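The next block holds one structure in the form of structure tokens; read it before the comments.
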Amino acid sequence: ELRSWGAEELRMQAFSAALRAAKGSVGPIQAVGRRAFRSSAVASLKLQPEANVEGKRIKYFQIYRWDPDQSSRPTVATYPIDLDQCGPMVLDALIKIKNEQDSTLAFRRSCREGICGSCAMNIDGANTLACLARIDPNTAKSKIYPLPHMYVIKDLVPDMTNFYAQYKTIEPWLQRDESSDAGKIKEADGTVKENYMSKKDREVLDGMYECILCACCTTSCPSYWWNSEKYLGPAVLMQAYRWIADSRDAETKRRLTELDDSFKLYRCHTIMNCTKTCPKGLNPGLAIARIKAKIVTG
């Protein structure tokens, strides 16, 4: 069984915590809608700077845990980290926790340089890459959850199956008209050496080709939360426009026709969460707007 979580559950968690505080309760149980999260931290633990010992800079990482092989509900486990003995990024802290405190913690990571997109997760309420997110030394705790509104395989590992299936539908590769020699640079024997593209045409792709498909933008979009089976989402739509805008591609009209759908494209309501959260500083919202304009103008 796969599980997912969302913003509404977080709001319920905050409300429940406030209600218990008003009643004088300090127990470790945190009710969240129909699900309960049990923190591994003891009830008396103070997540405040004064809880540090011997002058160490201790920061507490509260991490979402769920193991499909266990019958228990999801939990929030708390791990203390000495910042003087840890690298500057959140990914450094996760690796340190896995190596030194809890080897069962599951998360994805690869390049550690913001290139692969593997370590996308929700850190302190914002979707980002753990390898690019700096640890804030001025706060006593940090909350880390998997990408919102996606099924969870284990702990911080979301199920990306639907995301990649949607990406496949846009046919993200160059499609040429093999019967035409337009734009083709050939060798003496007739072999195509290059599909020519001017520098000006190449500049049109800036701000789109850099997308690493981390899904931070897609999972921050409320429209995608409610229509993830039909709406393609910001990341996939920006990649679709990357090929529509490519001067070498011969299937522009067909690509636009396939996107002209009330759910695939027009579930976008320009909320712009996608642009705000992109860890690469890209603008998926603009790409989606240009697709709409392209459909209207032809």
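The values are calculated or read from the model by the stated rules, or taken from the named source; none is laboratory data. As the structure is a prediction and not an experimental result, all values here were calculated from the model. All Cβ positions, glycine included, derive from the backbone under ideal geometry; neighbour counts span all protein chains shown. We work out accessible area using only protein heavy atoms, side chains counted, and drop any ligands, DNA or RNA first. Shrake-Rupley method; radii C 1.70, N 1.55, O 1.52, S 1.80 Å.
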Cβ-defined net charge surrounding Lys253, 14 Å radius [Lys, Arg +1; Asp, Glu -1]: -4
Where chymotrypsin sites (Phe, Trp or Tyr not before Pro) fall in DSSP loop in the stretch 237-298, at most 14 other Cβ within 10 Å: Phe263
With DNA, RNA and ligands ignored, accessible area of Tyr209 (1.4 Å probe; Å², nearest 10): 110 Å²
Distance histogram for the stretch 158-225 (every C-alpha pair counted, 10 angstrom bins, percent rounded to whole numbers): 14, 33, 27, 19, 7, 1
Hull shadow area, averaged, the stretch 227-297 [alpha-carbon convex hull, nm²]: 4.9 nm²
Table column - 3J(HN,Hα) (Hz), the stretch 138-151, Karplus curve with 6.51, -1.76, 1.60, x for Gly and Pro: 8, 10, 7, 9, 9, 9, 10, 10, x, 3, x, 6, 10, 5
The stretch 172-298 - accessible surface per residue (Å², probe 1.4 Å): 54 Å²
5 angstrom amide H check on Ala133, placed H, neighbours 5+ away: Val90, Leu91
Entries of Lys59/Lys143; Lys230/Lys276; Lys154/Lys264 with Cα pairs more than 20 Å apart: Lys230/Lys276; Lys154/Lys264
Per residue accessible area of the stretch 73-115, 1.4 Å probe, in Å²: 50 Å²
Arg112 accessible area, 1.4 Å probe, all protein chains in place, Å² to nearest 10: 130 Å²
Rounded to whole Hz, the Karplus (6.51, -1.76, 1.60) HN-Hα couplings of the stretch 128-136, x for glycine and proline: 6, 9, 4, 6, 9, 8, 6, 6, 7
14 Å Cα-Cα reach of Lys186 towards aspartates and glutamates, excluding residues that sit fewer than 8 places from it in its own chain: Glu178, Glu194
Percent carbon-and-sulfur accessible area, the stretch 135-177, ignoring ligands, DNA and RNA, probe 1.4 Å: 55 percent
Cα-centred dipole magnitude for the stretch 159-298, charges only on beta-carbon of K, R (+1) and D, E (-1), debye, nearest 20: 460 debye
Local electrostatic count at Ile81 - Lys and Arg +1, Asp and Glu -1, tallied over other residues with Cβ under 11 Å: +1
